[in-house]
Amino acid sequence: MIDLSSTMLGMRGCVGKSVRQISNLLDFPAIVLLYHRIADLEFDPQQLAVSFQNFYQHMEYLKKVYHILTIDEFQESITKRKPFLSRSLILTFDDGYADNAQQALPVLESLNVQALFYISTANIGSRQEFWWDDLERIFLQDRQPPPELKLSVDGRMYSFSTQNFEARRLVYFTLHPIVKKQKPEIREQIFQQLCVWAGVPREGRETHRTMMTTDIQKMSKSKSAVIGAHTHNHVSLSMLSYQEQFDEIQKSKLVLENLTGQKINHFSYPYGAREDYDRQSIRIVKELDFTMASANFYWQVHRWSDIYQIPRIVVRNWGIEEFKQHLKGFYLS
Ligand SMILES: [Zn+2]
């Protein structure tokens, strides 16, 4: 029996690859790297953290071998249709973890390179973790919660066995996509229930905290950081109404402008896959006067790319040799 869907996917993959190769013959591609956290974590089920050592080696290598553009240089190439130099890239970080200010920024400053930090603003100044970290803290940490969970999600009841680690791991992976699809107020109701059930505080861990006001102000004064918005509550925009999307995007911009005293020109769509934002999101980003917006799908950037849907490449906790291999692939394929 032939699996048609995988054959079709394979064909699409080939077409995509050759389009990339032809584009790269016309013009050098640039790439946009996407980091989230610089930290050593015991559990990292979403693979968001890169260790400090790996990050340092990535940066040292990039500085030697690649052109790490400033955000303005990158943006200018696209708005003025100027070709990129060979091996051009920019660095970006999503979400606004405190380690961006404490671990990543000093490395960038020491090498005199710049990155764009997209920050979700709801947790600034609170001790709450992002919801995906709360989910990990509740289900994947070494503790014994009650053996059964009954959870109400927007009026719908779910029932799970949680009697051993394997069962809780399954609940984690089952709940992750369910929680991702909820609006912020429903999400909060879920975590209120889960924290009571597990007997853990709503406040989170120091190791998973997000930036405080002082971190953001420190960043805003550094030549190595450009600050961008990433919605207030880190929501998948496409499930919201026009007005809800507008409020989410505008609020993050205003919070950051108030904190930094600077105009915030950059935005990235939370989660960033093509299904996580829509035409309305792009329209709002333009209406709110952002000059560039990043997505999160795999592709390279050329001077003719859509500046409101910049593709990016997620960096995992790769050792330096693996990192080099990935980079080579991004430019050659
Ligand atoms: Zn994000």
For the range 109-260, what Kirkwood radius comes out of the mean inverse Cα-Cα distance, in Å?
17.2 Å
Counting Lys and Arg as +1 and Asp and Glu as -1, what is the net charge of the other residues whose Cβ lies under 11 Å from the Cβ of residue 265?
-1
Sorted from largest down, what three extents in whole angstroms do the Cα atoms of the range 200-333 have along their principal axes?
41, 37, 37
The summed charge of the residue 46 Cβ neighbourhood (under 12 Å; Lys/Arg +1, Asp/Glu -1) stands at -2
Helix runs (DSSP H) in the chain reaching 15 Å along axis by Cα, Kyte-Doolittle at least -1.0:
4-26, 52-65, 165-180, 184-198, 242-260, 320-332
Report the local net charge at residue 240: Lys and Arg +1, Asp and Glu -1, summed over other residues whose C-beta lies under 15 Å from its C-beta.
-1
Tell me the mean residue ellipticity at 222 nm calculated for the chain from its helices only (DSSP H runs of n ≥ 4, each -39500 (n - 2.57), averaged over every residue, nearest 500).
-13500 deg cm²/dmol
Stokes-Einstein D (µm²/s) once Rh is taken as the Kirkwood radius of the range 131-198 over alpha-carbon pairs, at 4 °C in 1.567 mPa s:
109 µm²/s
Alpha carbon centre of the range 302-327 versus the range 186-234: separation in Å?
25 Å
Kirkwood hydrodynamic radius of the range 174-215 from all distinct Cα pairs, in Å?
12.0 Å
Run a plain Debye calculation on the chain (Cα atoms as equal point scatterers, no solvent) and give log10 I(q)/I(0) at q = 0.09, 0.13 Å⁻¹, rounded to two decimals, same order as the q list.
-0.51, -1.06
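Every read-out reported here was derived from the displayed coordinates using simple, explicitly stated rules and does not represent laboratory data. As the structure is a computational prediction, the values presented were derived from the model and not from experiment. Every residue, glycine among them, receives a Cβ derived from its backbone with ideal geometry; neighbour counts consider all protein chains shown.
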